[in-house]
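Participant: Just dropping this structure here.
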Amino acid sequence: MKDLKKVKYLILDMDGCVYHPKYLKTLFGQVSTRMTEFIALKLGINKVKAKEIQADYFYKYDTSLNGLMKNYPDLINAKQFLKYVHNINYDCLKKDTELREELLKLDVKTYCATNGSKEHAINCMKKIGIDDLFEGKIMDIVDFNFKPKPNPESLKLMCENFQISTNEETVYIEDICKNLTSDTAKNMIKVWFSNDEPINNVDKYKDVIDYKIDNLALFLKKIRLLKEQ
């Protein structure tokens, strides 16, 4: 296992990491439904066909939006898409005092990298009670010039923008194994927040996973205690 004692930076994915994967079906399920509606409306097709396109593009292009932009550049307004799909109810998320406490105690610079929108990330963080800890520390798909993770350019932009180390001083946490394959992250400590989402072929990506976790606050506590030794 890679040494956590010298960690100085932490990069967190949003969905299924900052908030627990147990909320994915409720929260991201709403996003998925809105995506289907948007695609059906913009392409003038029924929702069954729209759902098929949505899923196909997600697996083929890393995000459904990326596939839509590549295949329908004249029809899809990316910012309009992001605003539409993230117009959801966040009430399933509750204050996470344990996570907030560990983020405050941890002597590490912490950032959020999301393939979604900054507005969505902030809305989630407000419900959890940690939005003030990430002010000016979030980069979204717009900031990434619409190149979704694991495209190495996205993390490269983030590391350059915030002067984040790309070696083992940085812990990178994702709920999608494939995103850990980013070439920019190859020398980071890579962590998979375990879940049962069908996109995660753990056997295929096991060589890029340094740690597997199921509780973010406890993992941050582990880093803190090791650093305090």
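Throughout, read-outs are computed from the coordinates displayed, never taken from laboratory work. Keep in mind that this is a model prediction, so the values were computed, not measured. Ideal geometry is used to build each Cβ from the backbone, glycine not excepted, and the neighbour counts take in all protein chains shown.
Participant: In a Gaussian network model over the chain where Cα atoms closer than 10 Å are linked, find which of ASN89, ASN179, ASN151 has the largest mean-square fluctuation.
Facilitator: Between ASN89, ASN179, ASN151, it is ASN89 that shows the largest mean-square fluctuation.
Participant: What aspartates and glutamates could a cross-link reach from LYS70, if we take a straight Cα to Cα line under 20 Å and drop same-chain neighbours fewer than 8 places away?
Facilitator: GLU37, GLU52, ASP56, ASP62, ASP140, ASP143, GLU153
Participant: Follow-up question, since we're still on this one. Given 0.36 nm per residue, what is the gain on full extension from LEU218 to PHE162 after removing their alpha carbon distance, in nm?
Facilitator: Going from the current span to full extension adds 17.6 nm.
Participant: Below 8 Å between Cα atoms, with a sequence gap of 6+, how large is the relative contact order for the chain in percent?
Facilitator: Averaging sequence separation for qualifying contacts and normalising by length gives 26 percent for the chain.
Participant: While we're looking at this one, here's another question. How far is helix 118-128 tilted, in degrees, relative to the longest principal axis of the Cα atoms in the chain, given as a value from 0 to 90 rounded to the nearest 10?
Facilitator: On a 0 to 90 degree scale, this one is about 60.
Participant: Give a quick list of trypsin sites (Lys or Arg not before Pro) in the stretch 148-229 that DSSP marks as loop, anything other than H, G, I, E or B, with at most 16 other Cβ atoms within 10 Å.
Facilitator: LYS186
Participant: Between ASP183 and LYS105, what is the spin-label point distance in nm, taking each point 7 Å from the Cα along the Cα→C-beta axis?
Facilitator: It is 4.0 nm.
Participant: Scan [x] 0.93; [y] 1.11; [z] 0.96 for the value of Rg/Rh (Cα atoms, Kirkwood Rh) calculated from this model and give just the label.
Facilitator: The calculated read-out lines up with [z].
Participant: Starting from the Cα of GLU37, step 7 Å toward the Cβ, then list every residue of the stretch 74-99 with an amide N under 20 Å from that point.
Facilitator: From the stretch 74-99, the list is 76-93.
Participant: If you don't mind, there's one more thing I want to ask. Which residue, ILE45, ILE189, ILE88, tops the fluctuation ranking in a GNM of the chain built on C-alpha contacts under 10 Å?
Facilitator: Residue with maximal mean-square fluctuation among ILE45, ILE189, ILE88: ILE45.
Participant: For the chain, with only Lys/Arg (+1) and Asp/Glu (-1) charged at the beta-carbon, what is the dipole magnitude about the Cα centre, in debye rounded to 20?
Facilitator: Dipole magnitude for the chain comes out near 140 debye.
Participant: Out of the GluC sites (Glu not before Pro) in the stretch 58-149, which ones are loop residues according to DSSP with at most 15 other C-beta atoms within 10 Å?
Facilitator: Qualifying residues, ordered by number: GLU135.
Participant: Let me ask you something else. With the cut-off at 31 Å, tell me which of the pairs LYS2/LYS51; LYS79/LYS221; LYS83/LYS221; LYS25/LYS79; LYS22/LYS227; LYS178/LYS221 have Cα atoms farther apart than that.
Facilitator: LYS2/LYS51; LYS79/LYS221; LYS83/LYS221
Participant: Would you mind pulling out the separation of the Cα centroids of the stretch 189-229 and the stretch 1-52, in Å?
Facilitator: The stretch 189-229 and the stretch 1-52 have Cα centres spaced 18 Å from each other.
Participant: Taking the alpha-carbon distance from LYS126 and a cut-off under 12 Å, which aspartates and glutamates remain once sequence neighbours fewer than 8 residues away in the same chain are dropped?
Facilitator: Answer for LYS126, where 12 Å is the Cα cut-off: ASP91, ASP96, GLU135, listed by chain and number.
Participant: What does the highest-first list of 31-37, 157-163, 50-56 look like by mean Cβ count within 10 Å?
Facilitator: 31-37, 50-56, 157-163
Participant: Given the rule -39500 (n - 2.57) for each run of at least 4 DSSP H residues, summed and divided by the residues of the chain, what is its mean residue ellipticity at 222 nm, to the nearest 500 deg cm²/dmol?
Facilitator: Computed ellipticity for the chain at 222 nm equals -13000 deg cm²/dmol.
Participant: Now a separate question. What number comes out for the charge environment of SER194, summing +1 per Lys or Arg and -1 per Asp or Glu over other residues with Cβ under 9 Å away?
Facilitator: With Lys, Arg at +1 and Asp, Glu at -1, the neighbours total -2.
Participant: Please report the net charge: other residues with Cβ closer than 13 Å to the Cβ of CYS177, K and R +1, D and E -1.
Facilitator: So the environment of CYS177 carries a net charge of -3.
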